[in-house]
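Working notes, beginning with the structure itself.
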Amino acid sequence: MDKREIAHILFQADRQVEEIERFTKKYPQFGVEEGYEIQEILLEHHLKKGSHLVGWKMGMTSLAKMRQMNLKDPIHGFLTDEMQVSDKGVMSVKKRIHPKVEPEIAFLLKQDVHKALSAPEAFSVISCIAPALEVIDSRFKDFDFKLPDVVADNCSSSGFVVGGGRTRFPSQRLKNLGIVLEINGKAVQFGSSAAILGDPISSLIELSKIKEREGKVLRAGEVILAGGATAAVTFQAGDHVRALVEGLGSVEFFAKA
Ligand code: OOG
Ligand code: MG
């Protein structure tokens, strides 16, 4: 199994909007650690093509999803400027294979983070807490993947939108905020921020631990997506997609061909 080749195949599948078979079928020995090594090479491809790293995302943060996948820890990926769409902006469907959307909570960092954070520290490094929408688009046929595949595929990352949010927010409220995902004005998913590791701030704490282990730094200005709060939902060109998060406001996009 050639990690460089797999990263190249994943990058090409993304660029050419072509689905591929999961790698664990052909390489049953392929593990999560190798998945992260491939993800690193994939990031190099994005940077070489002129994209900029703008943040990180956590995935599989709901206890239900972790149990379903038999996981003990969430997974993480990178976010680039190319994936970002402004609030009320246009999300292309044509550039994606089989996109789905999920409501999330985003943190904006106001300072660099060099080490694992405690909960009070985590709140002190945030400049803003905002509602967000994440568009996932697995490069694998039918979203059929095992953990090493999805990690290599940058955790299905494809697009994201961050809403206005709040610069000050009571920390104890964050752990149970109602969340609604709407498509064309109709509520299609309901959830609570509690679905995200019991409290979304835990996602930032987990990420800080991971980055400390990797010897990497989270940078001021970066966006952190805490993880999906409901199931992800398919959308189509012409759809107006909006997420509302109690106390934080809303965020939306218009899906276009
Ligand atoms: C992986 C994407 C995980 C989340 O928030 O849990 C993710 C997938 O389900 O394809 O973004
Ligand atoms: Mg997500």
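The values are calculated or read from the model by the stated rules, or taken from the named source; none is laboratory data. Model, not experiment: these values are computed from the prediction. Cβ coordinates were reconstructed from backbone atoms using ideal geometry, including for glycine residues, and neighbour counts include every protein chain displayed. These area figures cover heavy atoms from the full protein model, side chains too; ligands, DNA and RNA do not enter into them. Shrake-Rupley method; radii C 1.70, N 1.55, O 1.52, S 1.80 Å.
Taken as a whole, the condition of being under 26 Å from LEU47 (Cα atoms) and of a type in the set (S, T, N, Q) applies to SER158. From the list LEU47, LEU117, the lone residue that is of a type in the set (A, V, I, L, M, F, W, C), more than 11 Å from ligand 1 (Cβ to nearest atom), under 19 Å from GLN12 (Cβ atoms) and over 17 Å from the mean Cα position of the chain (by Cα) is LEU47. Restricting LYS88, LYS72 to residues that are touching a residue at least 40 places away in the same chain (Cβ under 8 Å) and more than 13 Å from the chain's Cα centre (by Cα) narrows the list to LYS88.
Taking GLU18 as the residue in question, decide whether it is modelled with pLDDT of 95 or more, over 18 Å from the mean Cα position of the chain (by Cα) and of a type in the set (D, E, K, R). Steps first, answer last, please.
Details: modelled with pLDDT of 95 or more: yes; over 18 Å from the mean Cα position of the chain (by Cα): yes; of a type in the set (D, E, K, R): yes.
The answer is yes for GLU18.
To keep it simple, each residue is scored yes or no on (1) under 18 Å from ALA195 (Cβ atoms); (2) open to solvent by less than 20 Å² (accessible area, probe 1.4 Å); (3) within 16 Å of ligand 2 (Cβ to nearest atom).
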{"site": "HIS45", "(1), (2), (3)": "no, no, no"}
{"site": "LYS49", "(1), (2), (3)": "no, no, no"}
{"site": "VAL54", "(1), (2), (3)": "no, no, yes"}
{"site": "THR61", "(1), (2), (3)": "yes, yes, yes"}
{"site": "GLN68", "(1), (2), (3)": "yes, no, yes"}
{"site": "PRO74", "(1), (2), (3)": "yes, yes, yes"}
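With respect to (1) in contact with a helix residue (DSSP H, G or I) (Cβ under 6 Å, 6 or more places away or on another chain); (2) part of a loop (DSSP other than H, G, I, E, B), the lone exception for ASP149 is condition (2). Residues in region 39-93 that are of a type in the set (Asp, Glu) and closer than 23 Å to LYS110 by Cα: ASP81, GLU82, ASP87.
Of the residues making up region 187-201, those that are of a type in the set (Gly, Ala, Ser), in contact (Cβ under 8 Å) with a residue 60 or more places away in the chain and open to solvent by 20 Å² or more (accessible area, probe 1.4 Å) number 3. Please specify each residue of region 223-240 satisfying the condition of being closer than 30 Å to GLU40 by Cα, open to solvent by 20 Å² or more (accessible area, probe 1.4 Å) and part of a strand (DSSP E or B). Result: VAL233, THR234.
So that you can scan it fast, the table gives a plain yes or no per residue for (1) within 16 Å of ligand 1 (Cβ to nearest atom); (2) more than 27 Å from PHE145 (Cα to Cα); (3) open to solvent by 40 Å² or more (accessible area, probe 1.4 Å):
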site	(1), (2), (3)
PHE169	no, yes, no
ASN176	no, yes, yes
GLY185	no, yes, yes
SER208	no, no, no
ARG213	no, no, yes
GLY221	no, yes, yes
ARG242	no, yes, yes
VAL245	yes, yes, no
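Select from region 1-25 the residues that are free of Cβ contacts under 8 Å to residues at least 24 places away in the same chain and in a helix (DSSP H, G or I) and write down the one among them that is farthest from VAL151 (Cα to Cα).
Within region 1-25, the first condition is being free of Cβ contacts under 8 Å to residues at least 24 places away in the same chain, and the residues that meet it are 2, 5, 9, 12, 15-16, 25.
Those left that are additionally in a helix (DSSP H, G or I): 5, 9, 12, 15, 25.
Working: GLU5: 16, ILE9: 14, GLN12: 17, ARG15: 18, LYS25: 15 Å.
Per the stated criteria, the residue is ARG15.
Are any residues in region 135-167 among the small types (Gly, Ala, Ser) and surrounded by fewer than 17 Cβ atoms within 10 Å (Cβ to Cβ), and if so, which ones? I'd like the intermediate steps shown before the answer.
We begin by selecting, within region 135-167, every residue among the small types (Gly, Ala, Ser); these are 138, 152, 156-159, 163-165.
Within region 135-167, GLY164 is the sole residue that qualifies.
The residues of region 119-148 that are in contact with a Pro (Cβ under 7 Å, 6 or more places away or on another chain) and either among the acidic types (Asp, Glu) or farther than 27 Å from ASP87 by Cβ (or both) amount to a single one, ASP137. Just so you know, in region 26-43 the residues that are in contact (Cβ under 8 Å) with a residue 12 or more places away in the chain and in a loop (DSSP other than H, G, I, E, B) include one that is nearest to LYS57 (Cα to Cα), and it is GLY31.
Are any of the residues in region 101-124 away from ligand 2 (no atom under 13 Å from the Cβ), open to solvent by 10 Å² or more (accessible area, probe 1.4 Å) and over 30 Å from ARG168 (Cβ atoms)? Break it down stepwise before answering.
Restricting attention to region 101-124, the residues satisfying the condition of being away from ligand 2 (no atom under 13 Å from the Cβ) are 107-124.
Adding the requirement that they be open to solvent by 10 Å² or more (accessible area, probe 1.4 Å) leaves 108, 110-112, 114-121, 123-124.
Filter again for over 30 Å from ARG168 (Cβ atoms), leaving none.
No, region 101-124 contains no residue that is away from ligand 2 (no atom under 13 Å from the Cβ), open to solvent by 10 Å² or more (accessible area, probe 1.4 Å) and over 30 Å from ARG168 (Cβ atoms).
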